[in-house]
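Notes follow the structure.
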Amino acid sequence: MSNIVKIKNKIGNFKKTIKVPGDKSLSIRWVLFSSLANGISKARNLLMSEDVMAAIKAVKKLGIRVIINNKECKIFGKGIEGYKYKKNLVIDAQNSGTLGRLILGLLVNSPEKINLIGDKSLSKRDFRRVSEPLSRFGAKFKLKNNNYLPLKINGTSNLKPIKFKENRGSAQCKSSVIFAAMRTEGTTTIKAKKSRNHTELLCKYLKLPVKVKNYNNFDVIKIKKVKKINTLNYDIPSDISSSAFFIVLTALSQNSELLIKNVNINPSRIGIITILRKMGIRIIFKNQKIYKGEKKADIKILSAKNIKPINCPSKLNSGAIDEFLVIFLVAAKAKGVSYFKDLSELNKKESPRLKWANKILTNLGIKTIATNDSIKIFGNPKLNLNLNKKIIIKNYLKDHRVFMTSLIAALSFGGNWVIHDKDSINTSFPNFLNIIEDLKK
């Protein structure tokens, strides 16, 4: 079976209702929290992707029983001190930075050395940003080149609370420290740049001793030792990051309309909505609700009539960091010049995404000026490629978002596209192509 997708035709107009899979960030966090709970937790609409299955395999290696059937997952938690460790245990985070970084916070008191490994892409990502604060609790680390996977963690039973300043806007680092603090006597304090707050919201819903004070540019989080975590039954809302591809496809398609059901619209995750609305894209939230601390809604998108350029404020970056690749496609069709800055974190993802964004835009014939942390995009409202324009996308470290962005570009702007490594979507969105096919009907 071919691992290449070829596209030669733009998508036609459509009016559809779809549902995308469960939120990946919430799915992985549910697995980890449920593994620490006292009793059986159940989840529906759990994202069945490689990243989430890696999380399930990880907790199973730590002695936790998991059963998946009839679209429901059950995790039999054994309490916050219930993990069982074997000597020379190896945990494989595969492609998941969320799993790799968060689980280290749960292993800071491991009595045995544990090895953490990942795939080729994850092994190029920075793990010192997590090992450094966790080592201050008392755990010891050995990393490849002092920075990368594979790493070894040697926990301690004598954990000490810390004060930590998180200034990158990394929810993964912040969450890892929260998990470590939950195992530590005393009070740990985190001063964190604004970022995703799923971990804090779950702590609040579960009534754990985690207090958050919100300020304009940062949050102060105080965490005390957790004695017990109640079970967590969760119908996981759909993923805004997965929805982003269809939001942009609808905006860039003519005479089209889309309703995406039951999507997580956590304010720390909807930077793409704010940015696209500023660019003139018509996006409406319907049936808004609060569910276990998270906001969710149905999202209605209408085709764009006139797309405005944007000088994107940096304060929106953390809430859109996973969606910038497709946001840049909208800027490519804007009437004027768009500017995005302070995006060095984009090149620290599964692939150097800012570089890949520039490659895709250049292939589209769009003029850009790019640096290591910024990009200026000279939009063309009449952008439309003919079949003579052949574009090949490959060797991108199997970054799922590069694959999906390339496909959206092909369907939106035309051309003759050959996109390699379609199995990359299995990390986050296995049925992505099925939904695309449904929109074409």
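The values are calculated or read from the model by the stated rules, or taken from the named source; none is laboratory data. These numbers come from a predicted model, not from an experiment. Here Cβ is always computed from backbone atoms with ideal geometry, including for glycine, and neighbour counts include all displayed protein chains. For the accessible areas, the whole protein counts, side chains as well, though only heavy atoms, and no ligand, DNA or RNA atoms are used. Shrake-Rupley method; radii C 1.70, N 1.55, O 1.52, S 1.80 Å.
Normalised Debye scattering of the range 278-335 at q = 0.18 Å⁻¹ gives log10 I(q)/I(0) of -0.81, counting only Cα atoms as equal scatterers and leaving out solvent. Tell me which trypsin sites (Lys or Arg not before Pro) from the range 64-109 have a DSSP coil assignment and no more than 15 other beta carbons within 10 Å of their own. Answer by residue number: Lys71, Lys84, Lys86, Lys87. The range 127-193: percent of C-alpha pairs farther apart than 18 Å? In whole percent, the share of Cα-Cα pairs in the range 127-193 beyond 18 Å is 34. Centre-to-centre, using Cα atoms only, the range 374-422 and the range 263-294 are separated by 26 Å.
The sum of -39500 (n - 2.57) across all DSSP H runs of n ≥ 4, divided by the residue count of the chain, sets its helix-only mean residue ellipticity at 222 nm to -8500 deg cm²/dmol. For the range 134-221, averaging the sequence separation of C-alpha pairs within contact (under 8 Å, six or more residues apart) and dividing by the residue count gives a relative contact order of 23 percent.
Each residue of the range 115-155 gets 50 Å³ once the volume of the Cα convex hull is shared out per residue. As a length-normalised measure over Cα pairs under 8 Å and 6 or more apart, the relative contact order of the chain settles at 18 percent. Working note: Cα atoms of the range 85-169, range along each principal axis, descending, whole Å: 35, 34, 21. Annotation: amide H-H contacts under 5 Å for Leu385 (H modelled 1.01 Å from N, sequence separation of 5 or more, or interchain): Gly414, Gly415. Looking at the chain, the DSSP beta bridges with both ends there are about 75 percent antiparallel.
Here the Karplus relation 6.51 cos²θ - 1.76 cosθ + 1.60, evaluated at θ = phi - 60°, turns the backbone of the range 173-180 into coupling constants of 5, 4, 5, 4, 5, 4, 4, 5 Hz, with x for every Gly and Pro. The orientation-averaged projected area of the convex hull spanned by the Cα atoms of the range 219-371 comes to 11.2 nm².
With the convex hull drawn around the C-alpha atoms of the range 21-64, the volume per residue stands at 57 Å³. For the chain, carbon and sulfur atoms together expose 46% of the accessible surface, with a 1.4 angstrom probe and every protein chain in place. Please work out whether the range 206-274 counts as rounded, prolate or oblate from its C-alpha gyration tensor, where a ≥ b ≥ c are the square roots of the eigenvalues and a/c under 1.5 means rounded, while otherwise a/b larger than b/c means prolate and anything else oblate? It is oblate, given that a/c is not under 1.5 and a/b is not larger than b/c. Using the average count of surrounding beta-carbon atoms within 10 Å as a protection proxy, the listed peptides 364-377, 283-296 rank, highest first, as 364-377, 283-296. What GluC sites (Glu not before Pro) does the range 42-150 have in DSSP loop regions with at most 15 other beta carbons within 10 Å? Passing both the DSSP loop test and the Cβ count: Glu81, Glu112. Scaling against 2.2 N^0.38 Å puts the C-alpha radius of gyration of the range 47-198 at 1.01. The 3J(HN,Hα) values that the Karplus relation (6.51, -1.76, 1.60; θ = phi - 60°) gives for the range 105-114 are, in residue order, x, 8, 10, 5, 10, 5, x, 10, 5, 10 Hz. Gly and Pro appear as x. Each residue of the range 160-168 was assigned a 3J(HN,Hα) from its phi angle through the Karplus expression (A = 6.51, B = -1.76, C = 1.60, θ = phi - 60°), giving 10, x, 10, 10, 10, 9, 9, 10, 8 Hz with x at Gly and Pro.
Taking trypsin sites (Lys or Arg not before Pro) across the range 173-280, the ones in a DSSP loop with at most 15 further Cβ atoms lying within 10 angstrom of their Cβ are Lys207, Lys227, Lys228. Stokes-Einstein diffusion for the chain at 25 °C, viscosity 0.890 mPa s, with a Kirkwood radius from C-alpha pairs, works out to 110 µm²/s.
Please give the helix 50-61 orientation as an angle from the longest Cα principal axis of the chain, in degrees from 0 to 90, rounded to the nearest 10. Between helix and principal axis, roughly 10 degrees.
In vacuo Debye scattering of the range 1-93, one point per C-alpha: log10 I(q)/I(0) at q = 0.20, 0.25 Å⁻¹? Values returned for q = 0.20, 0.25 Å⁻¹ are -0.95, -1.29.
Centre-to-centre separation between the Cα atoms of the range 82-113 and those of the range 35-79: 15 Å.
Normalised by residue count, the range 386-441 yields a Cα convex hull volume of 71 Å³ per residue.
Quick check on the range 323-415: take the gyration tensor over C-alpha atoms, sort the square-rooted eigenvalues as a ≥ b ≥ c, and tell me if it's rounded (a/c under 1.5), prolate or oblate. Verdict is oblate for the range 323-415. In degrees between 0 and 90, to the nearest 10, how far off the longest principal axis of the chain does helix 240-252 point, with axes built from Cα atoms? In the chain, helix 240-252 runs at an angle near 10 degrees to the longest axis. Per residue, the chain exposes 42 Å² of accessible surface when a 1.4 Å probe is rolled over the protein heavy atoms with every protein chain present.
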